[in-house]
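Step one of this worksheet: look at the structure below.
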Amino acid sequence: MAEGFKTADPLEYHKSFLKENCRPDGRELDEFRTTTLNIGPISTAEGSALVKIGNTTVMCGIKAELALPPSDTPDKGYIVPNVDIPPLCMSKVRSGPPEEQAQAASQFIADIIESSEIIWKEDLCIEKEKLCWVLYCDIMCLDYDGNLLDSCIVALLAALKNTLLPKVTINKETDLPEVDLLEKCPININRQPVGSSFAVFDNTIIVDPTADEESLATAVMTLVIDEEGRLCTAHKPGGTTLSGEKLQDCMGRAVTRHREISKLVDKILQSMKK
């Protein structure tokens, strides 16, 4: 009976739960799905992480290459993010060029890297005007069930914290780089951004929407907060407007979510040192 109602009128089906201050999967309105994290699963990458928020599963791998610094910023390196949403993760994605959602997600991650200053790009410069690191941050969605952006941010942060770069010097005689693979150092993480996504159903706001909830909501919003509670980025592509009071409520939940994710990441990293 319930499945028939869900199929015939999915919006009313979801609203019937929201009226009771709960959701079809049993969660409360402000409750995130279980989040699990595996740091360092890809041995061939400089750093990597696998994140699951509910059924949504995202992998991030960091590959580093040496290059000339940008001509306009000769004392900085590069960070190049790319989000891939392949057909295997959800049925509505087709093979071929990147979908609009993947392109938008890649730009969103690039904006977060810039606005949060997660890494000082000066730290990626080995020698001004001569040599720097390029970090390719490849993020792939393995299973999609909503809230992709939050998952991508956690995967990126954890992978960067797991990244080790070899010591590189430039030979003064040959002017060529020399790489010492036996001596590796972690990247200095300047800020720790964490995203919290919300879906709006008229006057009701829920956190961590599933794919079904995203498709039915009148608006979806992602707030990215750093460890000082500073808003790095707010992403809301149209939809229902929110009052100042509602936005403050979302900010408060985002700050709490940041503490939860930071604690999870630090716990996993500490367990890896034992």
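The values are calculated or read from the model by the stated rules, or taken from the named source; none is laboratory data. All values derive from a computational prediction rather than experimental measurement. Cβ atoms come from the backbone with ideal geometry, glycine included; neighbour counts cover every protein chain shown. We work out accessible area using only protein heavy atoms, side chains counted, and drop any ligands, DNA or RNA first. Shrake-Rupley method; radii C 1.70, N 1.55, O 1.52, S 1.80 Å.
Structure notes:
- Selection within segment 49-83 - farther than 17 Å from Ile113 by Cα, in a strand (DSSP E or B) and not hydrophobic (A, V, I, L, M, F, W, C): Lys52, Thr56, Thr57, Glu65
- Ile85 being open to solvent by less than 40 Å² (accessible area, probe 1.4 Å), modelled with pLDDT of 95 or more and in contact with a helix residue (DSSP H, G or I) (Cβ under 9 Å, 6 or more places away or on another chain): no
- Of Ile53, Ile79, Ile62, all but one fail to be more than 21 Å from Ser262 (Cα to Cα) and in contact (Cβ under 8 Å) with a residue 24 or more places away in the chain; the exception is Ile79.
- Residue satisfying condition, being surrounded by fewer than 20 Cβ atoms within 10 Å (Cβ to Cβ) and either in contact (Cβ under 8 Å) with a residue 40 or more places away in the chain or closer than 30 Å to Lys246 by Cα (or both), within set Thr204, Thr174, Thr163: Thr204
- Pair list, Cβ under 6 Å, 6 or more apart: segment 249-274 residue under 12 Å from Val154 (Cα atoms), other residue hydroxyl-bearing (Ser, Thr, Tyr) and open to solvent by less than 70 Å² (accessible area, probe 1.4 Å): Arg257/Ser196
For (1) open to solvent by 20 Å² or more (accessible area, probe 1.4 Å); (2) in contact with a His (Cβ under 6 Å, 6 or more places away or on another chain); (3) among the small types (Gly, Ala, Ser), each residue gets a yes or a no:
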| residue | (1), (2), (3) |
| --- | --- |
| Ser197 | no, no, yes |
| Ser215 | yes, no, yes |
| Met221 | no, no, no |
| Gly239 | yes, no, yes |
| Ile261 | no, no, no |
